[in-house]
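Only the coordinates and a few stated rules stand behind these numbers; no lab work does. Remember, predicted model here, so these are calculated numbers, not experimental data. So basically every Cβ, Gly included, is an ideal-geometry build from the backbone, and we count neighbours across all protein chains shown.
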Amino acid sequence: MFHIYGRCLRKLYVTIASRLNQGGAVLNTYLILILFIYLFKEGVEYVVEYLNLRHMKEAGLSVPSEFQGKMDEELMKKTTEYETEKTRFSFIS
């Protein structure tokens, strides 16, 4: 498995080095594309986490029907508080 990654990294290095010798215009395009994809992914994750927090706030402490009998309100409260704090902390870190 590591051999595959090593070969891919070597091929990527050779490709980048050859692009740099050509003036770097293509490399800049790839860099901008990778940066855009990363920012888009982070934005989608942020929105999903925000929507999850909003849903937990609206749903309150009611135990879903799938968990009736397996989870009481006290455990639901602890779970909701933990998930809320974990998500808020991930926003600032």
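Which FRET efficiency value, to the nearest 0.05, do you get for Glu42 and Lys77 by plugging their Cβ-Cβ distance into 1/(1 + (r/R0)^6) with R0 = 22 Å? The pair Glu42/Lys77 has a calculated efficiency of 0.15. Taking 23 Å as the cut-off for C-alpha to C-alpha distance, list the pairs among Lys41/Lys78; Lys41/Lys86; Lys57/Lys78 that go past it. In this structure, Lys41/Lys78 exceed 23 Å between Cα atoms. Per-residue Cβ neighbour counts within 10 Å put Glu42, Glu83, Glu66 in the sequence Glu66, Glu42, Glu83, beginning with the fewest.
In this simple spin-label model, placing a label point 7 Å from the Cα along the Cα-to-Cβ direction at both Leu12 and Ala59 gives a separation of 3.7 nm.
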